Amino acid sequence: MAAHKWEAELINSCDPEACSAEWLDQSVEPYRVDTKLSDKDEIQTGSRTFKVLHTPGHTLGHISLYEPEEEVLICGDLFHQNDIGWLNIFREGVSSIQRSMESLERLSELRIGQAYSGHGPQIEDPLAAIDTAKRRFEKWLKAPEKVSWHACKRIFSFTLIMKDGLAKEEISDYLLKCGWFQDFARYSFQLQPEEFIPVLLDEMIRSGAASWHNNHLVANTPYQAPQKEWVNKDINPKYWKFDT
């Protein structure tokens, strides 16, 4: 959710903050960065050549890939079919809204026949999706608290997907140990973390992001839960080891 192997600004592989893994409490499979990509670079795939477009917003180093012959765009987490990528204002700053809008404007000038994002299905009407995303960011400029709500719901939904739901009795303890929850509670909503727990749960239910099933909170978005063997592995960037 936070960073990608293809991004132009890539984090040291052994940095515990790689992909904001500790802050988000999300495991990340080890990977090695061999090539640092920059705007206007080209990637040869054998049959097609993709152009690298620096499209910051979701992260400072976020990129999109564009193949002009087939008019194919891979837009990462800048925008999706019916959504936009959540913004980490604690890492990327509040100016990430404006950067996202500028990146969308750049992509809107391309001829795009097919578009694919980092989540969800193929984007059926890319230019319409870009326009929708721009309008949403414009609303966020007027109501910045929406940025934080969007982020909290997306982060917690992903947690529910990875864990295939959380039992009601374990939710409070889990949230209180998460860096993202602590920061959003205190700095975005001016609440103590303990006070923010019922507020977040109410919003998850109200918005339809999650629902209760057999005393478990589960994400409502369609998903396939990962294998428990993977979930139970401690894949934290600070423990990554590579042969030199």
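The values are calculated or read from the model by the stated rules, or taken from the named source; none is laboratory data. Keep in mind that what you see is a predicted model, and the values were worked out from it rather than measured. FYI the Cβ positions are ideal-geometry reconstructions off the backbone, even for glycines, and counts take in every protein chain you see.
Taking the criterion of being part of a helix (DSSP H, G or I) and either touching a His at 6+ places or on another chain (Cβ under 8 Å) or at positive phi (or both), the only residue of the stretch 155-187 that qualifies is Lys168. The test for being within 22 Å of Gln224 (Cα to Cα) and not in a loop (DSSP other than H, G, I, E, B) does not hold for Lys139. Reported count of residues in the stretch 188-199, each being in a helix (DSSP H, G or I), more than 20 Å from Trp212 (Cα to Cα), without any contact (Cβ under 8 Å) to a residue 40 or more places away in the chain and not acidic (Asp, Glu), is 1.
Scan the stretch 43-70 for residues that are closer than 27 Å to Trp86 by Cα and either of a type outside the set (Val, Ile, Thr) or touching a Gly at 6+ places or on another chain (Cβ under 9 Å) (or both) and the total you get is 17.
The single condition among (1) under 18 Å from the mean Cα position of the chain (by Cα); (2) assigned to a helix (DSSP H, G or I); (3) at pLDDT 95 or above that Arg106 does not satisfy is (1). Conditions: (1) under 16 Å from Ser27 (Cβ atoms); (2) of a type outside the set (S, T, N, Q); (3) touching a strand residue (DSSP E or B) at 6+ places or on another chain (Cβ under 9 Å). Tyr239 meets all but one. Number of the miss? Tyr239 satisfies every listed condition except (3).
Each residue in the stretch 98-135 was checked for being charged (D, E, K, R) and within 25 Å of Phe158 (Cα to Cα), and 4 pass.
Of all residues in the stretch 109-131, those satisfying the criterion of being touching a residue at least 24 places away in the same chain (Cβ under 8 Å), surrounded by fewer than 22 Cβ atoms within 10 Å (Cβ to Cβ) and not aromatic (Phe, Trp, Tyr) are Leu110, Arg111, Ile112, Gly113, Gln114, Gly118, His119, Gly120, Pro121, Gln122, Ile123, Glu124.
Selection of the stretch 172-194 for residues being of a type in the set (Asp, Glu) and surrounded by 13 or more Cβ atoms within 10 Å (Cβ to Cβ) yields only Asp183.
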